[in-house]
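The values are calculated or read from the model by the stated rules, or taken from the named source; none is laboratory data. Because the structure is predicted, anything quoted here is derived from the model rather than measured. All Cβ positions, even for glycine, are placed from backbone atoms using ideal geometry, and neighbour counts span all protein chains on display.
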Amino acid sequence: MLSKRIIWVAALLAAVAMLVAACGGGAPAAEAPAAEAPAAEAPAAEAEATEPAAEETAAEEAPAEEERLGATLIGEIEGPEIITDVNSYPTAFAEAPMLAEKVAGGELPALEERLPVREDLLVIQPLDEIGKYGGVWRRGFTGPADSQNGHRVAGGDRLLFWDADEFPKLTPNLAKGWEVSEDGKTITIFLRNGAKWSDGEPFTANDIMFWYEHMYQNEELVPVRSPFFNIDAGASLEMVDDYTIRFNFPEANTLFLEVLASSVNVFGGQAIFGNVGMGGFAPAHYLQQFHPDFADKAELDAKVAEAGFDNWVNLFKDRNTWSANPDLPVMTPWKTVNPATTDTWVLERNPYYFGVDTEGNQLPYIDTISMSLAESLDVLNLRAINGEFDYQARHLQIANVPVFLENQEANDYTLYLDPAQHGADGAFMFNQSYEADPEIGKWLRNVDFRRALSLAVDRDSINEIIFLGIGVPGSAVVAESSVFNPGPEYRTLWSTYDPDKANQMLDKIGLTEKDSEGYRLRTDNGERLVLEIPSIPAFIQFTALAELVKEDWAEVGIFANVVESERGLVEQRRAANDLQIFLWQNDGTDELYLYPYHAIPINETSGTGPAFGVWYSTGGEQGIEPPDNVKKVQDLFSQGLKATPEERIAIGQEIWKIITDEVWTMGTVGQSGAFMGVRVVKNNMGNIPSRQFNIQAGQTPNISRPSTFFFKDIDQQ
């Protein structure tokens, strides 16, 4: 095993050297801060245990979180402030020169006619200073499927949002405010009077009701509705007036405001979820022409045929795709003008954006966002290393941190690291609903099989090789800083390196027969037992990680076949219940109730049992009925959605206890910043936080309000 690890280290160092050479530099002079030596591991838990032994002593001796993560790359969390005191709002307003020219030429109305009424403005105090107008923000993306690349910087059109440096504090966004009834069953949302779509048409409650009545309740557009807004269980939405809507629930719903602020599909915003009929609102004046409730059937059929679609649903979804349709009216700071289906995805400032800074300057400061297509992640990373991007975080690989450090001075950028709270940047999600091969499915549902595989993995070695020693080895449980963490002992539960114990457990469950190479045999036909691990070339070196795990499993007689595949194909197979293991990160699980998909099976995107998730999301009408242990967790999740905040925390901790003990997901290393947390920013950009909340619910860096980013000197671009 040692020789194999040396080979992997040599290969990774060779790759780093190649990147450095391509950048014109020498060997890295500065390494990323390595993790301190871990505390002594506690003995592996016994196979028959259902609760972990206490490990308070080890936890007390462990290094502080910031020290483990490499403090020299991590700043203090900070961000802009949303001003809510109307008395502090500006009284005079200014706009970008490019828009002033259009006003002068008669192409646009005056600024005062484009903004909401003064008391309904979104007013943002920038992080450091009032910015300057102009410039092109250069970024990289990987193709049409990489639409989140744009959502995260130019989207963020949810009704509410998160405070940039006091998460989970809520702030106004597209809506100016809210009110909750005393019994918690009614939530009233107040919209901004005078807010407009990017084409100048008013944004009102009618656009929300159009979505609710003609999209969300249309079973062709939205065949499976969200548990976060379950109208089948009595939830409803009503329009009070043009600028007021009211959500009604059969019982108190203390989670719903957080749902409105998060990247949860039902109300995550048009930009990110309009293409699937979700999002919470839509431009009725534009989309009605593509909807059978409004359009003439013959005319609509002709449009469907002309566009090359087979039905109106696909045409409608295409026209409501923020990243691909330049004609689509939007509420985001920038709008697509050249679609993501081309080699250069271009977004330009929205002249009707409803936000201003504290001096009355309409946001955003930057004129244009231009994202160039990279044919591979290596190419994208090389461009970032060469200083070709102004601000890039998505797809930057933690393995390249030494190269970024080596080149940041020469190429005039700064490297930042934004660790997240989710527990696994490399998460092996066991598909407990897998049925394509009954023998494999039997073992994936066997708790001691999963525990044994987890005990066989050398996480410290993975941390050093893949994550440069920056991360935290252990289970997939959420970080100890999260209120949902059930205790420090769950970090090491079934996650200490103990191949001897793993071998004993595999023997005990009946996998005793082996072939001539020492691999365990199936119990149904005597052939070699083979697990398939599909890896996706994205974010981190998933294939390299999978190969290291493959080596560890080989030491206990389990053969794994690592197959690198395109992301869309893997996700299609996951939804079809065709994967044995889904390898990804369990991002979002730090807010368990808002983004549970990478922890528990609640729909077809849940790697731990997509068919069980379909059963849950359809109320048992579709999918596969899960066993009692899975039903128990699904029931706990349902209870948590309806619980008080205090009850929700206790229920969340109970969920983590169960799924960590049963190893639904095998964690490797987490809290490294490998997912969306490696950030390079040109020194010419202003209002850049030294650290930001890296969280799925906030769609980092949107939580930092990129509309306030600016170029200090346009001439230096």
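For residue 124, are the conditions met, namely being assigned to a strand (DSSP E or B), in contact (Cβ under 8 Å) with a residue 40 or more places away in the chain and surrounded by 15 or more Cβ atoms within 10 Å (Cβ to Cβ)?
Working: assigned to a strand (DSSP E or B): yes; in contact (Cβ under 8 Å) with a residue 40 or more places away in the chain: yes; surrounded by 15 or more Cβ atoms within 10 Å (Cβ to Cβ): yes.
Yes.
Quick check, is residue 361 within 30 Å of the chain's Cα centre (by Cα), at pLDDT 95 or above, in the same structural domain as residue 707 (by TED's automatic domain parsing) and closer than 30 Å to residue 129 by Cα?
Values: within 30 Å of the chain's Cα centre (by Cα): no; at pLDDT 95 or above: yes; in the same structural domain as residue 707 (by TED's automatic domain parsing): yes; closer than 30 Å to residue 129 by Cα: yes.
In short, no.
Determine whether residue 468 is of a type outside the set (Val, Ile, Thr) and closer than 25 Å to residue 680 by Cβ. Write out each step before concluding.
Numbers: of a type outside the set (Val, Ile, Thr): yes; closer than 25 Å to residue 680 by Cβ: yes.
Judged against the criteria, residue 468 is a match.
Report, by residue number, each residue of the range 129-147 that is charged (D, E, K, R) and assigned to a strand (DSSP E or B). It would help to see each step written out before you state the result.
Initially, the range 129-147 is screened for residues charged (D, E, K, R), giving 129, 132, 138-139, 146.
The answer is 138, 139.
Could you say which residue among 390, 378, 367, 412 is at positive phi and not assigned by TED's automatic domain parsing to the domain that holds residue 611?
Working: 390 fails: at positive phi; 378 fails: at positive phi; 367 fails: at positive phi.
Going through 390, 378, 367, 412 in turn, just one is at positive phi and not assigned by TED's automatic domain parsing to the domain that holds residue 611: 412.
Out of the residues in the range 301-325 that are more than 14 Å from residue 341 (Cβ to Cβ) and of a type in the set (Phe, Trp, Tyr), state the one that is surrounded by the most Cβ atoms within 10 Å (Cβ to Cβ).
316
Could you check the range 498-518 and list, in sequence order, the residues that are surrounded by fewer than 19 Cβ atoms within 10 Å (Cβ to Cβ), in contact (Cβ under 8 Å) with a residue 24 or more places away in the chain and assigned to a loop (DSSP other than H, G, I, E, B)?
509, 518 - these are the residues of the range 498-518 that are surrounded by fewer than 19 Cβ atoms within 10 Å (Cβ to Cβ), in contact (Cβ under 8 Å) with a residue 24 or more places away in the chain and assigned to a loop (DSSP other than H, G, I, E, B).
Please find, within the range 390-418, the residue that is nearest to residue 545 (Cα to Cα) out of those that are out of contact with any Lys or Arg (no Cβ under 9 Å at 6 or more places or on another chain) and of a type in the set (Asp, Glu). Write out each step before concluding.
Going through the range 390-418, the residues out of contact with any Lys or Arg (no Cβ under 9 Å at 6 or more places or on another chain) turn out to be 395, 397-410.
Okay, now just the ones that are also of a type in the set (Asp, Glu), so 406, 409.
Details: 406: 24, 409: 30 Å.
Once the filter is applied, the top-ranked residue is 406.
Give me the pairs, please: first residue somewhere in the range 80-102 and at positive phi and touching a residue at least 60 places away in the same chain (Cβ under 8 Å), second residue anywhere and part of a loop (DSSP other than H, G, I, E, B) and surrounded by fewer than 17 Cβ atoms within 10 Å (Cβ to Cβ), beta-carbon distance under 9 Å, and either six or more positions apart or on two chains.
Final answer for the pair search is none.
Checking the conditions here, which among 192, 152, 158 is farther than 27 Å from residue 676 by Cα and either assigned by TED's automatic domain parsing to the domain that holds residue 539 or touching a residue at least 40 places away in the same chain (Cβ under 8 Å) (or both)? Don't jump to the end; show me each part of the working.
On the way: 152 fails: farther than 27 Å from residue 676 by Cα; 158 fails: farther than 27 Å from residue 676 by Cα.
Only one candidate passes the filter, namely 192.
Counting only residues that are aliphatic (A, V, I, L, M) and farther than 20 Å from residue 435 by Cα, how many does the range 510-543 have?
Within the range 510-543, the subset aliphatic (A, V, I, L, M) is 511, 521, 529-531, 533, 536, 538, 540.
Now drop any that are not farther than 20 Å from residue 435 by Cα, which leaves 536, 538, 540.
Total meeting the criteria: 3.
Within the range 660-684, how many residues are surrounded by fewer than 24 Cβ atoms within 10 Å (Cβ to Cβ) and farther than 30 Å from residue 400 by Cβ?
2
Could you list all residues from the range 79-103 that are among the polar types (S, T, N, Q) and part of a helix (DSSP H, G or I)?
The first filter runs over the range 79-103 and keeps only residues among the polar types (S, T, N, Q), leaving 84, 87-88, 91.
Residues satisfying the conditions are 87, 88.
For the range 400-420, give me each residue that is of a type outside the set (D, E, K, R) and surrounded by fewer than 24 Cβ atoms within 10 Å (Cβ to Cβ).
Within the range 400-420, the first condition is being of a type outside the set (D, E, K, R), and the residues that meet it are 400-405, 407-408, 410-411, 413-417, 419-420.
Listed by number, the residues that qualify are 402, 405, 408, 410, 411, 414, 415, 416.
Select from the range 309-320 the residues that are hydrophobic (A, V, I, L, M, F, W, C) and assigned to a helix (DSSP H, G or I) and write down the one among them that is farthest from residue 223 (Cα to Cα).
Once the filter is applied, the top-ranked residue is 315.
Among (1) over 19 Å from residue 459 (Cα atoms); (2) in contact (Cβ under 8 Å) with a residue 60 or more places away in the chain; (3) among the aromatic types (Phe, Trp, Tyr), which single condition is residue 582 missing?
(1)
If I filter the range 260-271 for residues that are surrounded by fewer than 16 Cβ atoms within 10 Å (Cβ to Cβ) and at pLDDT below 95, do I get at least one hit? If you could, list the steps in order and put the result at the bottom.
The initial filter retains those residues of the range 260-271 that are surrounded by fewer than 16 Cβ atoms within 10 Å (Cβ to Cβ), namely none.
There is no residue in the range 260-271 that is surrounded by fewer than 16 Cβ atoms within 10 Å (Cβ to Cβ) and at pLDDT below 95.
For the range 552-578, enumerate the residues that are β-branched (Val, Ile, Thr) and in a strand (DSSP E or B).
In the first step, residues of the range 552-578 are kept if they are β-branched (Val, Ile, Thr); the result is 556, 558, 562-563, 570.
Hits for the range 552-578 are 562, 563.
Can you name the residue in the range 204-238 that is in contact with a strand residue (DSSP E or B) (Cβ under 6 Å, 6 or more places away or on another chain) and either assigned by TED's automatic domain parsing to the domain that holds residue 641 or not hydroxyl-bearing (Ser, Thr, Tyr) (or both) and is also farthest from residue 270 (Cα to Cα) among such residues?
Let us first name the residues in the range 204-238 that are in contact with a strand residue (DSSP E or B) (Cβ under 6 Å, 6 or more places away or on another chain), namely 205, 208-209, 212, 236-238.
Next cut, either assigned by TED's automatic domain parsing to the domain that holds residue 641 or not hydroxyl-bearing (Ser, Thr, Tyr) (or both) only: 205, 208-209, 237-238.
Details: 205: 14, 208: 11, 209: 14, 237: 18, 238: 19 Å.
The qualifying residue farthest from residue 270 (Cα to Cα) is 238.
Determine, yes or no, whether residue 251 is surrounded by fewer than 16 Cβ atoms within 10 Å (Cβ to Cβ), touching a His at 6+ places or on another chain (Cβ under 8 Å) and either closer than 24 Å to residue 322 by Cβ or touching a residue at least 12 places away in the same chain (Cβ under 8 Å) (or both). Let's see the steps before the verdict.
Working: surrounded by fewer than 16 Cβ atoms within 10 Å (Cβ to Cβ): yes; touching a His at 6+ places or on another chain (Cβ under 8 Å): no; either closer than 24 Å to residue 322 by Cβ or touching a residue at least 12 places away in the same chain (Cβ under 8 Å) (or both): yes.
Here the answer is no, as residue 251 does not meet what is asked.
Suppose the filter is out of contact with any strand residue (DSSP E or B) (no Cβ under 9 Å at 6 or more places or on another chain), small (Gly, Ala, Ser) and in a loop (DSSP other than H, G, I, E, B); does residue 106 pass it?
On the way: out of contact with any strand residue (DSSP E or B) (no Cβ under 9 Å at 6 or more places or on another chain): yes; small (Gly, Ala, Ser): yes; in a loop (DSSP other than H, G, I, E, B): yes.
In short, yes.
List, please: which pairs have Cβ atoms under 7 Å, are six or more places apart or on different chains, and start with a residue in the range 451-467 that is buried (at least 24 other Cβ atoms within 10 Å of the Cβ) and end with one that is of a type in the set (Asp, Glu) and assigned to a helix (DSSP H, G or I)?
Qualifying pairs under 7 Å: 456/552; 457/552.
Among what's in the range 579-637 and is charged (D, E, K, R) and assigned to a loop (DSSP other than H, G, I, E, B), pick the residue that is surrounded by the fewest Cβ atoms within 10 Å (Cβ to Cβ). Walk me through it before giving the result.
First, pick out the residues of the range 579-637 that are charged (D, E, K, R): 587, 590-591, 604, 621, 625, 628, 631-632, 635.
Among the residues that remain, those that are also assigned to a loop (DSSP other than H, G, I, E, B) are: 587, 604, 621, 625.
On the way: 587: 23, 604: 21, 621: 9, 625: 12.
Top of the filtered list is 621.
For residue 549, work out the one condition from (1) part of a loop (DSSP other than H, G, I, E, B); (2) at negative phi it doesn't fulfil.
Of everything listed in (1) part of a loop (DSSP other than H, G, I, E, B); (2) at negative phi, residue 549 misses just condition (1).
Quick one: is residue 376 more than 21 Å from the chain's Cα centre (by Cα) and either surrounded by 17 or more Cβ atoms within 10 Å (Cβ to Cβ) or under 30 Å from residue 573 (Cα atoms) (or both)? So that I can check it myself, show each step before the final result.
Values: more than 21 Å from the chain's Cα centre (by Cα): no; either surrounded by 17 or more Cβ atoms within 10 Å (Cβ to Cβ) or under 30 Å from residue 573 (Cα atoms) (or both): yes.
It is false that residue 376 is more than 21 Å from the chain's Cα centre (by Cα) and either surrounded by 17 or more Cβ atoms within 10 Å (Cβ to Cβ) or under 30 Å from residue 573 (Cα atoms) (or both).
Quick one: which helices (runs of 4 or more DSSP H) lie wholly within the range 210-293 and hold at least 1 residues that are over 19 Å from residue 176 (Cβ atoms)? I'd like the intermediate steps shown before the answer.
Numbers: elements: 256-260, 270-273, 284-287.
Per the criteria, 270-273, 284-287.
Output yes when any residue across the range 382-396 is among the polar types (S, T, N, Q) and more than 25 Å from residue 688 (Cα to Cα), and no when none is. If you could, list the steps in order and put the result at the bottom.
Initially, the range 382-396 is screened for residues among the polar types (S, T, N, Q), giving 386, 392.
Applying the additional criterion that residues be more than 25 Å from residue 688 (Cα to Cα) yields none.
Checking the range 382-396: not a single residue is among the polar types (S, T, N, Q) and more than 25 Å from residue 688 (Cα to Cα).
Is it the case, given these coordinates, that residue 306 is farther than 15 Å from residue 153 by Cα, out of contact with any strand residue (DSSP E or B) (no Cβ under 7 Å at 6 or more places or on another chain), assigned by TED's automatic domain parsing to the domain that holds residue 200 and outside any loop (DSSP other than H, G, I, E, B)? Outline the logic, then answer.
Values: farther than 15 Å from residue 153 by Cα: yes; out of contact with any strand residue (DSSP E or B) (no Cβ under 7 Å at 6 or more places or on another chain): yes; assigned by TED's automatic domain parsing to the domain that holds residue 200: yes; outside any loop (DSSP other than H, G, I, E, B): yes.
When the stated conditions are applied, residue 306 passes them.
Do we have residue 171 as part of a strand (DSSP E or B), within 25 Å of the chain's Cα centre (by Cα) and among the polar types (S, T, N, Q) here?
Working: part of a strand (DSSP E or B): yes; within 25 Å of the chain's Cα centre (by Cα): yes; among the polar types (S, T, N, Q): yes.
So residue 171 passes the test.
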